[in-house]
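To start, the structure itself, in structure tokens.
The values are calculated or read from the model by the stated rules, or taken from the named source; none is laboratory data. Values in this document were obtained by computation on a predicted structure and should not be read as measured data. Only protein heavy atoms, including side chains, enter the accessible area calculation; ligands, DNA and RNA are left aside. Shrake-Rupley method; radii C 1.70, N 1.55, O 1.52, S 1.80 Å.
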Amino acid sequence: MPTKLITGQNAKLSGSRLSLTLEASAMQGGSLDASVVLLTEAGKVSSDQDFIFFNQPRHPSGALVMTSGSVFQADLSRVPASIHRLAFVLTVEGGLAALKNGYSFTVTQDQGEAFSFDGKGSGRQEKSLIVCELYRRDGIWKVKVVDQGFAGGMAPLAEHFGVVVDDRSSQTVPPAAAPEPEKRINLSKITLEKKGDTISLEKKSSSFGQIRINLNWNQGSGSKKRGILGALTGGGSDGRIDLDLGCMFELKNGQKGVIQALGKRFGSLSEPPYIKLDGDDRTGSANSGENLQINGKFWSEVERIMVFAFIYEGVPNWSQTDGVVRIMSPDQPEIEIRMDAAGSNQGFCVIAMLENHNGALHISKEVNYFSGHAKADKQYNFGFSWKAGSK
């Protein structure tokens, strides 16, 4: 059985190889994100490579690898000499109070004693916390229980480590006199790499503002970008196809519907469903592509939005699109989703799902291909009746 530690206690590690597992029980519909920050002796990051999370799971030195959402493998013998501490962080959507049964971590050494800690969640409003640290002193590595929470979530925690989060609207200037050069970790864009990857965005003010979903593509080297996956080879008589952006939605009051150019269902931002398609690019020549707009002032009334693209005219040729979806909202990192799988003979692609998780904007990468609207609807359980339509 692992030796139980208490808050503030440390223990000597006897070997260089170990695994650390974070475990927590979140409320229904909640989500957890684990990460590790590698710190200098001054307790600050030195580069963007020293931030290990789901989108960057391996340190270049090989000293730390994130093997799953909450399991980390460490080889302390490979930690760079400039790194003195490894801080293990847990971010909880909805706050630590969502962890009804608390959280725990276990350090298991390849050779030597195992250690564990059980932390409380009930009654705590912090959204991020430093769970524990592995630190080096006089050439000896130790584990220490920290259990220090940050009420504002990841942003103040990042500032605690000297991380500068780039703002898309203005550039943050480092202090003129700093004890050491300040490096930037660019968190202004986050890429959801694999199908099933998710991220949750918390409101920075009273609302999310206007949320914009843009779909674009690049046919290859030397070609210009075209809007909304624009013109693809293998289409109609001119070698192009007509590909459209749209969504299926469900509101908190049970109202459901579809926003798309087909049937001229362009929606509205000022009244339900508070979602609008800005137009229909029939040629793929619009530089800005087609965009779905969501009125974030009414996000509390939204249950879920399933974003899709479908080929209205032409032969499916997804593998050549290099399609990319960008989800943008004021004061939030840009979320990027690439359509990195080929749907053979499938003319409809579910790209992403946006869900309201206790007020947060929860985004998941889907990139699932179907033969049409009805098949996708059945899979995602919206329950519509479908018939052939035209523009």
**Message:** What are the ³J(HN,Hα) couplings of the range 204-211, residue after residue, when phi is run through the Karplus curve with 6.51, -1.76, 1.60 and θ = phi - 60°? Round to Hz, x for glycine and proline.
**Reply:** 8, 9, 6, 8, 7, x, 7, 9
**Asked** Counting only protein heavy atoms, what percent of the accessible surface of the range 4-136 is carbon or sulfur at a 1.4 Å probe?
**Response** 45 percent
**Item:** All-pairs alpha carbon distance profile, the range 1-142, 5 Å steps from 0, percent
**Value:** 2, 10, 20, 23, 21, 15, 8, 2, 0
**Prompt:** Past the 24 Å Cα-Cα mark, which pairs from Lys203/Lys365; Lys100/Lys365; Lys120/Lys365; Lys12/Lys127?
**Reply:** Lys100/Lys365; Lys120/Lys365; Lys12/Lys127
**Complete:** Taking Ser385, Ser364, Ser70, Ser205 and ranking on accessible area (1.4 Å, protein atoms only), highest first, one gets Ser385, Ser205, Ser70, Ser364
